[in-house]
Each structure stands twice: as C-alpha cells, then as structure tokens.
C-alpha cells in the first residue's frame, strides 16, 4: 500500500513518462493485461490512456489492470491513468520511506 508521500513522488515521476498503454473500443483484453504486466516488470511505472471509443472509464480500466497485474493505481486524471508495481528482482524506483506511526 502506497503512502500519500510515495504516491506524490510517483506522480511527479509519471509526468515525464510517455503514455505506452492504450485501451480502445475493444476494451480490456488479455493482450492489454499482458502488455501492462510486461511494461510494469520492465519500468515499474507506466502511464495508460483510455480512448473515447472505449466502453470503460479510465478509473475502471486502471482498477481492473491493477487487480490483474498486482499493481497499484497511482493516479487517474481524465482519460489517463498511472500504475506502479515494484520489481523485486531489479528495483528501479526508490520510493520515499514510509513513516512509522506512533502508538
């Protein structure tokens, strides 16, 4: 689970990322899920877009992909969304440490 500080950090990184995943009128498919999974393994942070012709919202697409790829939704704005999944073998993004809460 990402903290708000980690989410903000990932959002700042995502501004420079290209949109590499497009969901069109075909909606969600195994091919799109595989493409997202492969991209998350390689990059950890990916940006996707839901085209106007799609019968699914960007929030729905992001949440479905996050579920199927075991990633986290970082952000959804308009037709675009950002997903993150840490690569345990080769981490590329160093997240800010989560603070310990006092009890």
In degrees between 0 and 90, to the nearest 10, how far off the longest principal axis of the chain does helix 58-69 point, with axes built from Cα atoms?
-> 70
By how many degrees, 0 to 90 and rounded to 10, does the Cα axis of helix 30-43 deviate from the longest principal axis of the chain?
-> 30
222 nm [θ] for the chain, helices only, -39500 (n - 2.57) per DSSP H run of 4+, per residue, to 500?
-> -11000 deg cm²/dmol
Got a sec? Which residues in the range 1-36 would a label at residue 97 touch, if it sits 7 Å along Cα→Cβ and we count backbone N under 19 Å?
-> 1-10
Shape category assigned to the range 15-58 from the gyration tensor of Cα positions, a/c cut at 1.5 | oblate
What list do you get for 76, 23 if you sort them by fewest beta carbons within 10 Å?
-> 76, 23
Volume per residue that the Cα convex hull of the chain spans, once the total is divided by residue count, Å³ | 106
Value of relative contact order over the chain, rounded to a whole percent, pairs C-alpha under 8 Å and six or more apart | 31
Simple spin-label estimate for residue 63 and residue 86 in nanometres, 7 Å along Cα-Cβ = 2.5
83, 40 arranged by Cβ crowding within 10 Å, fewest neighbours leading = 40, 83
Here the percent of antiparallel bridges among DSSP beta bridges lying wholly in the chain, to the nearest 5, is 70
Take 29, 4 and order them by how many other Cβ atoms sit within 10 Å, fewest up front.
-> 4, 29
Compare 75, 64, 31 in a GNM of the chain, Cα atoms joined below 10 Å, and give the one with the largest fluctuation.
-> 31
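No lab work stands behind these numbers, since they all come straight from the coordinates. Everything quoted here is computed from the prediction, not taken from an experiment. Here the Cβ is made from the backbone with ideal geometry for all residues, glycine too, and neighbour counts use every protein chain on show.
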